[in-house]
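J.: Before anything else, here's the structure in question.
Read-outs: derived from the displayed coordinates by stated rules, not from any lab. Everything numeric in this text was worked out from a predicted model, so none of it was measured. No Cβ is skipped: glycine too gets one built from the backbone with ideal geometry, and neighbour counts run over all protein chains shown.
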């Protein structure tokens, strides 16, 4: 696209500054085939919580700490240098340094309203005036503001109507849904049994995946909870993620967490509380001689992370003694690891 010059380097440095602990950042690739190529290392970047978000080309990271930030920056820099046509081109829904309650902050959250349009509106109206127009749904007056127009005005009004809505959805997408069909969306009825609704959603979501040769009913990859905008996962809500089958205890745990967060209003903190973890050792530890097929066999066995012992692993069909020993030792080391803060 461009030679490595001043413009490219300035763009890359800006990307590096955007990455910060706890702040979601979205990286979009032009090519779905390249996204498939880079998906596995992105999902398993330690501490970065990488995941595919279901539009065929976007990966989201939420770095946990400074170390994870540096890993994400290194990842971005590598792909920027590798091929400009598959490079990162979108990051965050809101520029860092912009107050989310200001005019610019309120508008930049809306898909289709860019920085230039938001800054023009900010020169003509203050936050209270903008909120009044949005609350009234006055699209005509809002569209007359500099930089807006009717199309953007409709998008802003719709966005904030959805934000105020109490409707909640389960959203499942395949890692390559351009070829596997549209995402599966289930609107939750918070007054009914959530576990039944999650089971129904998981059953329909399985059509997005191919049958797993190592275990039946391969799911699409992940299910997140979203509001009526459907574009962004809700903050502090769980994500059901797996490349193996949906196990019964996963559905029960996921439904229980939904009840606590969406019905009882509990706020969760930390990745351990947000996501259902199975086979976490494969995400965080390099194990020589243990590849994707071995990982899939272990996940299909139904063992919990605490049950990764040599005796349990060696009886799994297709797992060698050396592989069982390697996984068991890594799991034991992870359980006994002492972290220094």
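J.: Full-extension gain between residue 77 and residue 284, please, as 0.36 nm times their residue separation minus the C-alpha to C-alpha distance.
T.: Gain on stretching residue 77 to residue 284: 72.4 nm.
J.: Taking the Cβ-Cβ separation of residue 123 and residue 234 as r and a Förster radius of 35 Å, what is the calculated FRET efficiency to the nearest 0.05?
T.: 0.60
J.: Listing 286, 293 from the residue with the fewest other Cβ atoms within 10 Å to the one with the most, what is the order?
T.: Fewest-to-most Cβ neighbours within 10 Å comes out as 286, 293.
J.: Rounded to the nearest 0.05, what FRET efficiency do residue 37 and residue 256 give with R0 = 30 Å and r taken as the Cβ-Cβ distance? Could you check?
T.: 0.25
J.: Set the Förster distance to 22 Å, then compute FRET efficiency between residue 144 and residue 185 from the Cβ-Cβ distance, nearest 0.05.
T.: 0.05
J.: Once fully extended, how much extra length lies between residue 249 and residue 167, figured as 0.36 nm per residue of separation less the alpha-carbon to alpha-carbon distance?
T.: 26.9 nm
J.: May I pose another question? Tell me the relative contact order for region 103-164 as a rounded percent, counting alpha carbon contacts under 8 Å between residues six or more apart.
T.: In percent, rounded to a whole number, it is 32.
J.: Continuing with the same structure: Tell me the label-point distance for the pair residue 131, residue 325, using the 7 Å Cα-to-Cβ offset, in nm and rounded to one decimal.
T.: Between residue 131 and residue 325, the label points sit 6.6 nm apart.
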